Amino acid sequence: MSAESTPEPGIPGETGNEGRRDRAKGRRRKPRSEHRKALILMAWTAAGIVVLGGTGAGYLYFKLNGNIKSVDINGALGTDRPAKADNGSENILVLGSDSRSGSNKKLGGGADDGSARSDTAMIVHVYKGHKRASVVSMPRDTLIDRPECTDSKGDKHDAASGVMFNSAYSTGGATCAVKTVESLTGLRMDHYLEVDFSGFQKLIDELGGVPVTTTKNIDDKQSHLDLKAGTHTLDGKQALGLVRTRHGVGDGSDLGRIQLQQAFIKALVDQVKHVGIFTSPKKLYDLADTATRTVTTDSDLGSVNSLMSFANGLKGIGSGDMHMVTMPVRYDPADPNRVIVEKARAREVWDALKNDRPIPASATKDTASGNAKGVVE
């Protein structure tokens, strides 16, 4: 999986140029084709499992170490960045990549055009003491001003206005995505984690599945998901379908999908803590091998020792210790398929995280949110 990619039209699979506004008022676009669906990436998947690599020794350690892909984000971005917080907190940018190369093509559909997109993005803020975390989902359909950035190969990319948030990764890969998030929030991203379709599915299968309860039927042929209301243990394929579905439940929006993703993350965190992974050396190694093959990290996390230390710092955080919100947005009046940042309320979120404080309820009150909350428990 390449951490760099070429520019892609605004909504993959639809008309338009690199996410620019379509001003045809009152017209909704056709549902996105299956091969352009989004994929969730969870810091908790990578971090919660990679710690298992710490039991490896000798050649096993070097094998796991050799699995990890990393990007030198600090080197590419230089010093023109927000200052690191000195209050003991950390911010991690977590991205999902939908590359169609290799085994991802079968899972995601579509052609292998050599590109990849970040259709899911989350800022994970770990508070001082590493006992609590806030997670802020960044809607991929948000219209933003993307800053000028330099990718990890040294290629420069011009700034752009009124483009979709996920165009940052399409244009300049991981480093441009980090630069865009830092420009948008004023927060320094201390670390970066990325995973793709096949890696996500394998991680869930290695865990033995994730139990969830659905309060409504979910039937989405585009994401190959058919779940009746009730309790299920989702395998990797089903879990991938759940976090990608838009049209099977709710209003078909990206915001509704984010609500499903957030609920699944909490279930996943509980499952990682519940599974008796340390009682089976084989399971331990298989999980560590899959996780290290799956993730792309910033260079500071680009070794088993670094990932192990990082994950150890997170393992005390359970689902009840996580506050999950979506970046405050409103629908674009010119295009209902796009959203715009509610700047004043978003500033409440970023100021709270910058000062290592809980996100106030007022920051997300009455903002656009979708209507899939409570569908997954």
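The values are calculated or read from the model by the stated rules, or taken from the named source; none is laboratory data. Model, not experiment: these values are computed from the prediction. No Cβ is skipped: glycine too gets one built from the backbone with ideal geometry, and neighbour counts run over all protein chains shown. Heads up: the accessible areas ignore ligands, DNA and RNA and are worked out on the full protein's heavy atoms, side chains in. Shrake-Rupley method; radii C 1.70, N 1.55, O 1.52, S 1.80 Å.
Observations
- Close Lys pairs in the stretch 264-347, defined as Cα atoms under 24 Å apart and 8 or more places apart or on different chains, number 7.
- Stretching the chain fully between residue 213 and residue 293 yields a gain of 25.8 nm (0.36 nm per residue, less the alpha carbon separation).
- FRET efficiency for the residue 226 to residue 371 pair, using the beta carbon distance and R₀ = 22 Å, is estimated at 0.60.
- Shape call, the stretch 143-189: gyration tensor on alpha carbons, a/c limit 1.5: oblate
- Distance between the pseudo-spin-label points of residue 153 and residue 251 (7 Å out from Cα toward the beta carbon): 4.0 nm.
- What separates the Cα centres of the stretch 172-229 and the stretch 289-341 is a distance of 9 Å.
- Converting phi to 3J(HN,Hα) with the Karplus coefficients 6.51, -1.76 and 1.60 and the offset θ = phi - 60°, the stretch 205-220 yields 5, 5, 6, x, x, 10, x, 9, 10, 9, 8, 9, 5, 10, 9, 9 Hz in sequence order, with x at every glycine or proline.
- FRET efficiency estimate (nearest 0.05) - Cβ-Cβ, residue 300 to residue 233, R0 25 angstrom: 0.10
- Averaged over its residues, the stretch 284-377 has an accessible area of 42 Å² per residue, based on protein heavy atoms and a 1.4 Å probe.
- Simple spin-label estimate for residue 86 and residue 273 gives 3.3 nm between the two label positions (7 Å along the Cα-to-Cβ direction from each Cα).
- Magnitude of the charge dipole for the stretch 312-371, about its Cα centre and with charges confined to Cβ atoms of Lys, Arg (+1) and Asp, Glu (-1), is about 100 debye.
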